[in-house]
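Undergrad: Input: one structure, supplied below.
Every number in this text was worked out from the coordinates using simple rules, so none of it is lab data. Computed from a predicted structure; not experimentally measured. FYI the Cβ positions are ideal-geometry reconstructions off the backbone, even for glycines, and counts take in every protein chain you see.
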Amino acid sequence: MSSATQKSSSQDALLRSGIDRSLRHPVMFFMTSGAAWLAVSLILGVISSAKAHSPEFLDGCGWLTYGRVQAAHTSALIYGWGFQAAFGMIIWMMSRLSRQECRASGIILTAGHVWNVIISLGTLGILAGYGTGMPWMEFPSFTWPVITITYAVIMVWSLVQFKVRPEGHVYISQWYLLAAMIWFPWVFITTNLLLHVFPGNPVMAAGINAWYKSSLIFLFFVPIGLGMAFYLIPKVTGRAVHSYSLAKLGFWSLAIIMPWAGMQKLTGAPIPYFIPYLGAAATVLFFIPAFTAAVNLLRTAMASGDIVNNSPALRFTTAGIVGLIVMAVAAVFLNLPGSTLKLSQFSLSGYGFEMLSLYGFFSFVAFGAIYFIVPRITGREWLSRRLIKMHFFISIYGIMLIAVVAIFGGLQQGVGQEMFDQPWATASTRAYPYAICITFSWCTILISNIFFFMHLMVMWLRLGRRSNHPTLLVSAHGHSPHGEEGDIDNAGPGTAAAH
């Protein structure tokens, strides 16, 4: 029996090694180029934030006006960093859980280069003044068909791998990933057709744009972040997910509630009265899927608190789950009709919530995934614990300050906007000190992510140290935490699998 177990373990190790080897180049390409785009986005974020409180900053360059650089900042963050981090996580995890080597790494890698070219052209188009003026859809209109096709070429292989997987469990991680992979093209194609091919009333165009922003957060970035967390936390701790029932509740409540969110941004517009309040109610109800998933994951992680403290992957992932709870609380707080909704509608608060979603939750989970995945596909370990710690703590403090300052500073700005007997400059004056704090925070986060990018480039060049145990934030004392060294996929999500 012992001999059979050892043989099975050896076969599993060979299979995992083959999967990782087949995905090394596309996964490392997406993660490294995504990290580079993150640094570009942060540089643009520093510039746009500085111009919010000091309009004369770089005022001699027409390409760097506030409207252009702010749009380029968010677009680079979403499509340069967010999507490429998502691609890397999806194709690696779907291969691992489907137990299939990737047979199309060259095609995926080629599509990845096309993605970067079109994102570069789109960002330059925004800075040159050819943006559409629609938030999160600022790229010139010629880019969206190419983005759609490139996305399909990258993602279709993961769907094929899922289809031909061996018979067995469908893990909760796969539920979330498959849903996000299908939801995004539905949202993206529908929105672009209604805005670019069959344009209608401008008021409804603004509503469709607002729905797209909300759907991109709740139906793409949130499920991918949760799917990765449902993989990493049980796998590294070696424990089954705390409650399969909670996992199902979190998934289906997200799928049912969140497609209705987004239209609350049109409160007061000449549209049917119930539509904005339906959107506000759906956003408030985001608390249900977020809280159930977060409690489920945190109870799983906290059962092995020492591993969470020692493992970079778990430390970032659990911080991201805490960020999800804060995000859910902010969604409730900022969308209360008759009170905060009118104050946050056109203020910094919306930006604070967006950055909390994209960086405070999704990016932290993505960082955790990168710290876990990269050593496995490169055969090397991270060089510096100190750089990892610095990346974690500076990012934590930076995003906390951005979220808190932007949300509450936006409410103060909203109060100024509601003072109809005062000049509009009153609202700007109220937001001035908060904008300065946001600039400082982006500067600190930029510094930490430049070191993160350099660290990741060293790993891509396979210059990391050889080791037989995972990188830990404290001395391993000759052993590694249960779960990471064994690296057995079917022991990860445990009982959180759907038959």
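Undergrad: Exactly which chymotrypsin sites (Phe, Trp or Tyr not before Pro) in the stretch 232-314 are in a DSSP loop and have at most 15 other Cβ atoms within 10 Å?
TA: Y273
Undergrad: Figure the gain on full extension for V114 and A303 (residue separation times 0.36 nm, minus the Cα-Cα span) and round it to one decimal in nm.
TA: Additional length available on full extension: 63.7 nm.
Undergrad: Next question. Taking K and R as +1 and D and E as -1, what net charge do the other residues with C-beta under 15 Å from the C-beta of H391 add up to?
TA: Its environment carries a net charge of +4.
Undergrad: Can you grab the distance from the C-alpha centre of the stretch 172-191 to the C-alpha centre of the stretch 413-439, Å, no decimals?
TA: What the calculation gives is 38 Å, centre to centre.
Undergrad: Quick one: if you stick a label point 7 Å off each Cα along the C-beta vector at L336 and F142, how many nm between them?
TA: It works out to 4.9 nm between the two label points.
Undergrad: Let me ask something else. Given a Förster radius of 60 Å and the C-beta distance between C443 and S245 as r, what FRET efficiency does 1/(1 + (r/R0)^6) yield to the nearest 0.05?
TA: Here the calculated transfer efficiency is 0.85.
Undergrad: Take R299, R315 and order them by how many other Cβ atoms sit within 10 Å, fewest up front.
TA: R299, R315
Undergrad: Just rank K163, K235, K389, K51, fewest to most, by other beta-carbon atoms within 10 angstrom.
TA: By the 10 Å Cβ count, ascending, the order reads K163, K389, K51, K235.
Undergrad: Rounded to the nearest 20 debye, what is the charge dipole size of the stretch 306-430 about its Cα centre when +1 sits on each Lys and Arg Cβ and -1 on each Asp and Glu Cβ?
TA: 520 debye
Undergrad: Once you have the Cα-Cα distance between V295 and A128, take 0.36 nm times their residue separation minus that, and quote the gain in nm to one decimal.
TA: Length gained between V295 and A128: 55.6 nm.
Undergrad: With contacts defined as alpha carbon pairs under 8 Å and 6 or more residues apart, what's the relative contact order of the stretch 189-281 in percent?
TA: 32 percent
Undergrad: In what order do D306, D421 fall by count of nearby beta-carbon atoms within 10 Å, going from fewest to most?
TA: D421, D306
Undergrad: Quick one: if you stick a label point 7 Å off each Cα along the C-beta vector at A255 and H169, how many nm between them?
TA: So the two model labels end up 1.9 nm from each other.
Undergrad: Taking the Cα centre as origin and putting +1 on Lys and Arg beta-carbons and -1 on Asp and Glu beta-carbons, what dipole magnitude results for the chain, to the nearest 20 debye?
TA: It works out to roughly 1000 debye.
Undergrad: Also, quick follow-up: Check each of the chymotrypsin sites (Phe, Trp or Tyr not before Pro) in the stretch 341-420 and keep only those in coil by DSSP with at most 16 other C-beta atoms within 10 angstrom; list them in order.
TA: Here the chymotrypsin sites (Phe, Trp or Tyr not before Pro) that fit, given the DSSP loop and packing criteria, are F346, F420.
Undergrad: Compute the FRET efficiency between F393 and R462 as 1/(1 + (r/R0)^6), taking r as their Cβ-Cβ distance and R0 = 22 Å, and round to the nearest 0.05.
TA: It comes out at approximately 0.20.
Undergrad: Put one equal scatterer on each alpha carbon of the chain, apply the Debye formula with no solvent term, and list log10 I(q)/I(0) at q = 0.07, 0.12, 0.13 1/Å to two decimals.
TA: -0.36, -1.09, -1.29
Undergrad: Could you tally the net charge around P135, taking each other residue with its Cβ under 11 Å from the Cβ of P135, Lys/Arg +1 and Asp/Glu -1?
TA: Result for the neighbourhood of P135: 0.
Undergrad: Still on this structure, I have one more. What does the charge add up to near I172, with Lys and Arg as +1, Asp and Glu as -1, over the other residues with Cβ less than 13 Å from its Cβ?
TA: Spelling it out: positives minus negatives among the neighbours equals +2.
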